[in-house]
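Below: one structure, written as structure tokens.
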Amino acid sequence: MNLILLVLAGIFVNNYVMSQFLGICPFLGVSKKVDTAAGMGMAVIFVMALAAAAAWLVYALILVPLNITYLYNIAFILLIASLVQFVEMFLKKAAPALYQALGVFLPLITTNCAVLGVAVTNMQKGYNFIESVLNAVGGAAGFALAICLFAGIRERIADNDTPKAFDGFPMALITAGLMSIAFLGFSGLIKL
């Protein structure tokens, strides 16, 4: 049961975008259309789950035995960059339309601090391998949920009359702030 709560906490309570404000760059950049946002969400789920699994293995099997745990940031960043390159090559071959739609934001998963944040959180909380992967899947699913909801709202707002001062990015920031307040309503529901 705790594993299910770990995933649910990652989606709603500890949402990396809405509660911890990590991963904002792709959240704001790829959220104009629901299709692209969903593609980015799926790519982040894939990368975050792989990164968490690989980071746990690197930390537990290499850094801890060699007593060089202070290098975890460098090791995790290199690991994540490699995984994103793999995903980019895969999408270029398997889904060229999605690859084109994501554009520059796909390589930005490399610098998406939510992916690094999940790996560091797993290490700091001392999660085992299964807990690390499930925490990453929950966190990534929360990212995907948030970006898809945000894209849907942005699509609807684009057709409305808004004051000129709020057109475009200012309205997106106001919407993101209101969504963050809504997600704040989940805080405290799950204690881990």
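Coordinate-derived values only; no laboratory data. Only a predicted model underlies this, so the values are computations on that prediction, with no experimental measurement involved. So basically every Cβ, Gly included, is an ideal-geometry build from the backbone, and we count neighbours across all protein chains shown.
Brief remarks on what is shown
- GNM result for the chain, Cα springs below 10 Å: residue of 179, 48, 40 fluctuating most strongly: 179
- In the stretch 82-192, taking the dipole from charged Cβ atoms about the Cα centre, the farthest positive-side position among 182, 109, 152 is held by 109.
- Net dipole in debye of the stretch 126-191 [+1 Lys, Arg Cβ; -1 Asp, Glu Cβ; about Cα centre; nearest 20]: 140
- Within the listed set 17, 64, 84, the residue fluctuating most in the Gaussian network model of the chain (springs between alpha-carbon atoms under 10 angstrom) is 64.
- Legend: distances between Cα atoms for 33/93; 32/92; 125/191; 33/164; 33/191; pairs beyond 24 Å are 33/191.
- The distance between label points at residue 4 and residue 120 comes to 3.3 nm (points 7 Å beyond Cα on the Cα→Cβ vector).
- Using a simple spin-label model with pseudo-atoms 7 Å out from Cα toward Cβ, residue 160 and residue 61 lie 5.1 nm apart.
- Cα-based equivalent ellipsoid of the stretch 103-192: semi-axis lengths in Å, sorted from largest, via gyration tensor: 31, 17, 10
- Burial order of peptide ranges 124-131, 86-93 (average beta-carbon count within 10 Å, highest first): 86-93, 124-131
- From its DSSP helices (H runs of at least four residues, each -39,500 (n - 2.57)), the chain gives a residue-normalised ellipticity at 222 nm of -22000 deg cm²/dmol.
- Reciprocal mean inverse distance between Cα atoms of the chain - Kirkwood radius, Å: 17.1
- Listed residues 83, 71, 102, most fluctuating in the chain (Gaussian network, C-alpha, under 10 Å): 71
- With bins 5 Å wide beginning at 0, the percent of Cα pairs of the stretch 21-87 falling in each bin runs 3, 16, 21, 21, 15, 11, 7, 4, 2, 0.
- This model, with +1 at the C-beta of Lys and Arg and -1 at the C-beta of Asp and Glu, gives the chain a dipole about its Cα centre of some 100 debye.
- With Cα atoms, 0 to 90° folded angle of helix 34-58 axis to the chain main axis: 10
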